[in-house]
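Inspection log for the structure reproduced underneath, given as structure tokens.
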Amino acid sequence: MRKALLALVLLATACGSPQLVGEDRPDLPSITGPQLEAQLAESGRPAVVNVWAAWCAPCRSEAPLLASAAAQHGDEVQFIGIDVQDNQADAKDFIERFGLDFDHYFDRDRVVPEYFGGIGTPITFFFDRSGDLVDTHLGVIDDRTLALGIDEITKR
Amino acid sequence: MEFTLLWAALTAVAAAWLGTRVWRASLPDSPTERIVSSAAAGLLVGRIAEMIGQGINPITNLSDLLIIRGGVSVPAATVAAIGTLWWTSNRDLSVVDSFSAPALVGLAGWHAGCLWRSACLGTVSDLPWALAEPGSTITRHPVELYAAVGLVLASLLVSRIPPKPGLRSAAALGLAALVRLVTEPFRLSVTGGPVFWYVVGLSLALLAGTALVWRHREI
């Protein structure tokens, strides 16, 4: 029993995230659906737009995958995060914690996902280089689905 | 759990049940309980391992364990499932062997469950049987269906192996790894390559091959 407790404590210590401070980051800017749509069309690059929130447990699960995808495909695909129904401090901590090193916007009233037609959190939208919405994935996204979505928008 | 994933899981359970009906003569009593407990242990341990790998503390984020879609570590899940079956079978390898073929059919069901999830497709292909995403003109390998077919063939092969303790289990492990190895190049991955899974597949195949040789030496 003691060994089991010790193992649990060690596990908790090993997995405990370091004290991360997101206060130094500037506040996330706000954006609306039409503004994002125009931005995507002007950029001429395919895009993965992920709707997330710091309070959302499934978002935690997919965050490391999105960080890897952005690091791997960031040159050819733009990754954009839309933080919904959240507060700035928690949002910045979440970005720091998972190393989500791409552009994020703050959307307290969920106007962006509502504009593009997604319900719940998380959501992942895939846009081609013309800024047209190609696919919408509701819920946690897995490696294969994200890879397929990226492959589709880069080859169109 | 999303409904599509739930349907895929149910397909796997139904396939495993079908396997137990086909090979029921060689199975011990209450096979369903053993399959369910092994699968549950595999999912739990695999999910915990995946969370640790992602830097998410499974103790302080207990509810995240239920988010299966967030990822399950296949090597950890495999070891846990086989270990649980072995332990609940009083460490009798011949009992573990009897589940080899039904387990492969269950795995085939899991892969075929991609049809429910619209997640069968892999790399681009011009072959006549290649399929396209809805609304897309890009045709792709239905890689998960390749895996399902491969696993069904593997189960038939395993069921024909002589019943020597450990032999069928080792062969099933090796064949499952082989199917993974052969189909992996047709899959897409965010990290852009099958290198990791090649290592996993090769390791499992090597392990199984070694076990096979070891068993033959003993018998």
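Note that the protein assembly as shown carries a Kirkwood radius of 22.4 Å, evaluated over its alpha carbons pair by pair.
Just to be sure I understand: of the beta bridges DSSP finds with both ends in the range A:45-155, what percent are antiparallel, rounded to 5?
Working: 10 of 21 bridges.
Among the beta bridges of the range A:45-155, antiparallel pairing accounts for roughly 50 percent.
Extension gain for the segment residue B:118 to residue B:156, taken as residue separation times 0.36 nm less the Cα-Cα distance, is 11.0 nm to one decimal. The range B:78-118 and the range B:1-54 have Cα centres spaced 7 Å apart.
Charge dipole of the range A:45-155 (Cα centre as origin; +1 on each Lys and Arg Cβ, -1 on each Asp and Glu Cβ, all else neutral): 60 debye, rounded to the nearest 20. Taking the DSSP beta bridges with both ends in the protein assembly as shown, the antiparallel portion is around 50 percent.
Note on the protein assembly as shown: dipole from Cβ charges, positive end direction compared against B:145, B:100, B:186; the farthest Cα belongs to B:100.
At a 10 Å Cβ-Cβ cut-off, how would you order B:86, B:110, fewest neighbours first? Mind dumping the intermediate values first?
Values: B:86 16, B:110 20.
Neighbour counts put them in this order, fewest first: B:86, B:110.
Look at the dipole of chain A built from charges on Cβ: of A:49, A:100, A:64, the Cα furthest out on the positive end belongs to A:64.
Quick check on the exposure proxy: order B:133, B:33 from fewest to most C-beta atoms within 10 angstrom. Can you show the working numbers first?
On the way: B:133 17, B:33 10.
Exposure proxy ranking, most exposed first: B:33, B:133.
Rounded to two decimals, the Cα-based Rg/Rh of chain A, with Kirkwood Rh, is 1.03. Taking every residue in B:49-59 and counting other chain Cβ atoms within 10 Å of its Cβ, the average works out to 5. Charging the Cβ of each Asp and Glu at -1 and of each Lys and Arg at +1, and nothing else, the dipole of the protein assembly as shown about its Cα centre rounds to 2180 debye. In a reduced charge model with +1 at each Lys and Arg Cβ and -1 at each Asp and Glu Cβ, chain B shows a dipole moment near 460 debye about its Cα centre.
Take the Cα of residue B:137, step 7 Å toward its Cβ, do the same at residue A:24, and the gap between the two points is 5.0 nm.
Taking the fewest neighbouring Cβ atoms within 10 Å as the starting point, the ordered list for A:155, A:92 is A:155, A:92. Applying both filters, DSSP loop and at most 11 other Cβ atoms within 10 Å, to the trypsin sites (Lys or Arg not before Pro) of the range B:97-193 gives B:160.
Which helices pass in chain B if a helix is a full DSSP H run, must span at least 20 angstrom along its long axis by Cα, and must have mean Kyte-Doolittle hydropathy not below 0.5?
The answer, listed by residue number, is B:3-22, B:31-54, B:74-88, B:143-159, B:167-183, B:195-218.
If you count, for every residue in A:102-109, the Cβ atoms of partner chains within 10 Å of its Cβ, what is the mean? Walk me through the numbers on the way to the answer.
Values: counts 0, 0, 0, 0, 0, 0, 0, 0.
That average works out to 0.
Semi-axes of the equivalent ellipsoid for the range B:1-124, please: Cα gyration tensor eigenvalues, times 5, square-rooted, ordered largest first, whole Å.
Working: eigenvalues 130, 79, 26 Å².
Semi-axis lengths for the range B:1-124 are 25, 20, 11 Å.
Just so you know, all these numbers are worked out from the coordinates, no wet-lab data involved. Values in this document were obtained by computation on a predicted structure and should not be read as measured data. Using ideal geometry, Cβ is built from the backbone for each residue, glycine included, and neighbour counts are taken over all protein chains shown.
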